[in-house]
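Asks: Mind looking over this structure? Questions follow.
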Amino acid sequence: MRYFILYYAIHRRTLSSLPPETFPPSRATPQGLKLAYLDGPGGSQVPQIVIDTLGDFYATCNVNTHGNFWPSQEVDRRMTAAREVLAAFLGAESAGCISFGQNMTTLNYALSAAIGHTLKAGDEVLITQLDHEANRGPWLRLKERGMILQEVRLLPTGQLDLSDMAAKITPRTKVFAVGASSNALGTVNDLRLARRLTHEVGALLVVDAVPLCAAFSVGREEPRGGFSVVLGLQILRAAHRRAVLPPGSGSIVCRRIA
């Protein structure tokens, strides 16, 4: 069995039907001003239920997991419940496929290091000139271990050069790390093409979906909100801070594939 990894974030639109008053900052009027909070790289505002849930955790069971005492057992219960909800939301095989972790950048450094141990000197890793540093820096470090880093060119239009992408995905390519969309420009990349090209040569496709998850659905078979991530992606990353969830958190779904 092989285990493929899927990073994900809950889609922001799952709470879009809630009134603005659900988000405490929308009720605040500092110096008599009515403020509007726009989406930004620092993260989204969180609704009252997130604030209350975090407060309840700190008030009742802020302890280590897997202990033989009630507060620790309550932490384990809540984590299991969260895994079950997220597994159902994403269509994962089971709650046991869900793991919680840190933010996307930190997780990507760990991920690239782990994948790097499966590579050898001379293997090629492909990144793009359009990507955020969090999806470039961790892979660029692999050059220190003898891997060859290639880059897909960025066109003046703000789009990736798809011909250059196709030319650089070869049997020597072991990993292709690409953003689903640009954090700066909003360009949505052709993941279907990327998946087809990497599948043809047996390369691992790693997708950074942090900017995308603020506007589109991820991790679903059927399109929601006008976009559906292509099935078969081995690794998809996203950040909770962009999806009305607490910052400094992330999640991993491991899918078992025969």
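Asks: Does at least one position in segment 135-158 carry a residue that is touching a residue at least 60 places away in the same chain (Cβ under 8 Å) and under 18 Å from S181 (Cβ atoms)?
Replies: yes
Asks: Would you please name the residue that is nearest to L205 (Cα to Cα), looking only at residues in segment 96-124 that are within 16 Å of the chain's Cα centre (by Cα) and of a type in the set (A, V, I, L, M, F, W, C)?
Replies: Only one residue tops the list, namely L111.
Asks: What helices (runs of 4 or more DSSP H), lying completely within segment 85-190, carry at least 1 residues that are surrounded by 14 or more Cβ atoms within 10 Å (Cβ to Cβ), among the acidic types (D, E) and touching a helix residue (DSSP H, G or I) at 6+ places or on another chain (Cβ under 8 Å)?
Replies: Passing ranges: none, list empty.
Asks: Still on this structure, I have one more. Could you give me the residue pairs with C-beta distances under 7 Å whose first residue belongs to segment 53-69 and is within 18 Å of F100 (Cβ to Cβ), whose second residue is in a loop (DSSP other than H, G, I, E, B) wherever it lies, and which are 6+ apart or on separate chains?
Replies: Between residues of segment 53-69 that are within 18 Å of F100 (Cβ to Cβ) and residues that are in a loop (DSSP other than H, G, I, E, B), the close pairs are L54/P246.
Asks: A further question on this structure: Does V63 satisfy the condition of being within 19 Å of the chain's Cα centre (by Cα) and at pLDDT 75 or above?
Replies: no
Asks: Run down N108, N135, N103 and say which single residue is modelled with pLDDT under 95 and touching an Asp or Glu at 6+ places or on another chain (Cβ under 6 Å).
Replies: N135
Asks: To continue, here is another question. Can you say whether V46 is assigned to a loop (DSSP other than H, G, I, E, B), under 19 Å from the mean Cα position of the chain (by Cα) and not acidic (D, E), as far as the supplied structure shows?
Replies: yes
Asks: Next question, about the same structure. Test P47 against the criterion of being under 30 Å from G186 (Cβ atoms), modelled with pLDDT of 90 or more, surrounded by 14 or more Cβ atoms within 10 Å (Cβ to Cβ) and touching a Leu at 6+ places or on another chain (Cβ under 9 Å), and give yes or no.
Replies: no
Asks: Taking the options G186, G219, G179, G146, name whichever one is modelled with pLDDT of 90 or more and among the small types (G, A, S).
Replies: On inspection, the qualifying residue turns out to be G146.
Asks: In addition: What are the pairs with Cβ atoms under 6 angstrom where one residue, in segment 119-133, is within 17 Å of T105 (Cα to Cα) and touching a residue at least 40 places away in the same chain (Cβ under 8 Å) and the other, located anywhere, is of a type outside the set (A, V, I, L, M) and not in a helix (DSSP H, G or I)? Sequence gap at least six, or different chains.
Replies: Taking only residues 6 or more apart or on different chains, the pairs are I127/R136; I127/E151; L130/S182; D131/G179; H132/N183.
The values are calculated or read from the model by the stated rules, or taken from the named source; none is laboratory data. Note that this is a predicted model, so its numbers are computed, not measured. Positions of Cβ are generated from backbone atoms using ideal geometry, with glycine treated the same way; all protein chains shown enter the neighbour counts.
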